[in-house]
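Okay, structure first, notes after.
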Amino acid sequence: MRITRDRSPRARPPSGRQEDVANIVAEVRRRGDSAVLDFTERFDNAELAPGDLRVDPREIEASIGVLEPAVLAGLRTATQNVRAVAEAQLHTAVAVDLPEGQRVEVAEVPVGRVGIYVPGGRAAYPSTVIMCAVTARVAGVEQIAVCAPPGPRGRAHPVILAACVLSEINEVYRMGGAQAIAALAYGTETVPSVDVIVGPGNAWVTEAKRQVFGEVGIDGLAGPSELVVVASSGADPALIALDLLAQAEHGDESPLWLIVPGDSLLEAVIAEIERLAPERPSAADALLQAIAVDALGEALALAEEIAPEHLQLVGADAEALADRVRRAGCLFVGAGAGTAFGDYVAGSNHVLPTGGAARFQSALSPATFRRRMARVSLPGEAPARLAPAGAALARAEGFPVHAESMERRA
C-alpha cells in the first residue's frame, strides 16, 4: 500500500475508451449474437458455440451441489439479510384528494425486465448477484437476466450460478464487457433486451452503460471502490489497518483515506499497516491518504467533501458524528462495523455511488427497479372548478387547444 500524508486531488478516470466502446456497441446492434461471441473470444479468451451463450437451467440448478457448505451457508445468510432490508424499503401507494374534487393516486410499479452485470476478472462475485437480484425480486421485477464473463473453456462459475439459484434466477448468459451491456440494452437473437441494467464493472462496462443510458435505465456509473475512515481516540489501530488493507483488495486504483485528529493515532495505524501488509499479498498497492486534522469537525467536513462510497466512524467521539453525516454511499458506525460486512452479509447493499456521486445518488435499492406512476381522476364538478385556471395558463403558454380541451369538460 502506498501512503501519503498529504491530500491529493481525486484521480480522474482514464479517458479514451469512448470510441472503442462505441464500436463494440455498434457491432452488437448490427450483428447480435455473432458479435457477442466474437468479442467474448477476443476479450475473455473463451470460444463459445452459438447455442452456448445462455447457460442451461439444469447447469444452474446443479451448481448448488458443488459448493463447499460454508460458502453455501454464507450465500444463504447474505440472501436472507439483503431481502429483509430490501423489503423494509417498499412503499405503499398514496392517494391525495384535492380541494377542487380531483384525486391523484401515486403508486410504485416495477419495471418489466432487468439485466444484472456481474463483473469477472480477479475472481467470481456471487455477492453482486445477491445484492442486485434479490433486491430486484423484492421490488417485484418478474424477468431478470444475469450475465458474467465466462471462465476457462467458456464455463460459467458455479458459485455465480448458485447465487442465481438462491436469488430465484434461471436466465444466465456467458458474456461480459461492453458487448454484454450492448446485448442487454438492444437485444440479440439469444438475449432479449431489458429496461434497466445494474451492477458494477470495469471502465469498459461503465463507459458502455454511459452510452446506452436513455435506451435503458442504469443504476449509476461505478468507479473504483473507495473507503474513508474517520477515527478518534480509543479506536483500535490494528482493526483500522485491516479495514484499509481489506479495501485495498479491490485493486491499485481503489482510493483510501484515513482522517484523524492529531498525529498519534495516525502514526499507530500506519505502523500497523506496515506490519500487516507484507503478510497479506491480496491487498493491492492502493493509495492511502493519511491526513491529520485539528478537530473531528474538520475531519467530518473533509469526509463530506470527498462523499465516499464507504465511510467508517471509529472511536466514541467519531461515532457521535453519525447523525451529522449526509454525504456517503454507506455509513459504518463503531468498531464492529467493518466495511467488509456491508460487502457481504450485513444486509445493506454494496452497489453504491463512487467518485463523489454520494452527493446526489443512493445505493441500489427497490427504488432502482420501480417507477412512480400517477393516476388522475376528475369526477363530478372537478373539471368545471379546475378549467378556468388551467385554460388561462394554457393560453398564456400559447396552447389554445389545451384550454379548449379543459373548458369543454366544464
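Among (1) among the β-branched types (Val, Ile, Thr); (2) touching a Ser or Thr at 6+ places or on another chain (Cβ under 6 Å); (3) assigned to a strand (DSSP E or B), which single condition is residue 114 missing? Here residue 114 meets the rest and fails (2). Annotation note: Cβ proximity below 6 Å between a residue of region 248-269 that is over 23 Å from residue 224 (Cα atoms) and a residue that is in a loop (DSSP other than H, G, I, E, B) (sequence gap 6+ or interchain) occurs for 261/295. Summed over region 106-136, the residues that are of a type in the set (Ser, Thr, Tyr) and under 17 Å from residue 249 (Cβ atoms) give a count of 3.
Just one of (1) modelled with pLDDT under 95; (2) more than 28 Å from residue 378 (Cβ to Cβ) fails for residue 93. It is (2).
If I ask for residues that are within 13 Å of the chain's Cα centre (by Cα), over 30 Å from residue 317 (Cβ atoms) and not small (Gly, Ala, Ser), which ones from region 206-224 would you list? Answer for region 206-224, where residues must be within 13 Å of the chain's Cα centre (by Cα), over 30 Å from residue 317 (Cβ atoms) and not small (Gly, Ala, Ser): 206, 209, 218, 219, 221.
Among the conditions (1) more than 16 Å from residue 366 (Cα to Cα); (2) surrounded by fewer than 19 Cβ atoms within 10 Å (Cβ to Cβ); (3) not charged (D, E, K, R), residue 112 misses just one, which is (1). How many residues are more than 17 Å from residue 233 (Cβ to Cβ), touching a residue at least 40 places away in the same chain (Cβ under 8 Å) and of a type outside the set (Phe, Trp, Tyr) when one looks only at region 310-359? Looking only at that region, the number is 22. Can you find a residue in region 225-245 that is within 17 Å of the chain's Cα centre (by Cα), more than 30 Å from residue 320 (Cβ to Cβ) and small (Gly, Ala, Ser)? Within region 225-245, none of the residues are within 17 Å of the chain's Cα centre (by Cα), more than 30 Å from residue 320 (Cβ to Cβ) and small (Gly, Ala, Ser). Taken over region 176-200, the criterion of being crowded, with 24+ Cβ neighbours inside 10 Å, under 19 Å from the mean Cα position of the chain (by Cα) and not in a strand (DSSP E or B) is satisfied by 176, 177, 178, 180, 181, 182, 184, 185, 194, 199, 200.
Candidates are the residues of region 247-267 that are part of a helix (DSSP H, G or I) and of a type in the set (S, T, N, Q); the one that is surrounded by the most Cβ atoms within 10 Å (Cβ to Cβ) is 247.
For region 355-404, how many residues are part of a helix (DSSP H, G or I) and not acidic (Asp, Glu)? The qualifying residues number 26. Every condition in (1) over 30 Å from residue 245 (Cβ atoms); (2) surrounded by 18 or more Cβ atoms within 10 Å (Cβ to Cβ) is met by residue 44 except one, and the failing one is (1). Considering region 133-151, the residues that are in contact with a strand residue (DSSP E or B) (Cβ under 6 Å, 6 or more places away or on another chain) and farther than 21 Å from residue 88 by Cβ include one that is surrounded by the fewest Cβ atoms within 10 Å (Cβ to Cβ), namely 143. Scanning region 123-148 for residues that are at pLDDT below 95 and in contact with a helix residue (DSSP H, G or I) (Cβ under 8 Å, 6 or more places away or on another chain) yields 124, 125. Among the residues of region 91-111, are any closer than 18 Å to residue 208 by Cα, touching a residue at least 12 places away in the same chain (Cβ under 8 Å) and touching a helix residue (DSSP H, G or I) at 6+ places or on another chain (Cβ under 9 Å)? The answer is no; no qualifying residue exists. When each of 36, 82 is tested for being within 30 Å of residue 188 (Cα to Cα) and touching a Ser or Thr at 6+ places or on another chain (Cβ under 8 Å), the lone residue that passes is 36.
The values are calculated or read from the model by the stated rules, or taken from the named source; none is laboratory data. Keep in mind that what you see is a predicted model, and the values were worked out from it rather than measured. Cβ sites come from the backbone with ideal geometry, for glycine too, and all protein chains shown count toward neighbours.
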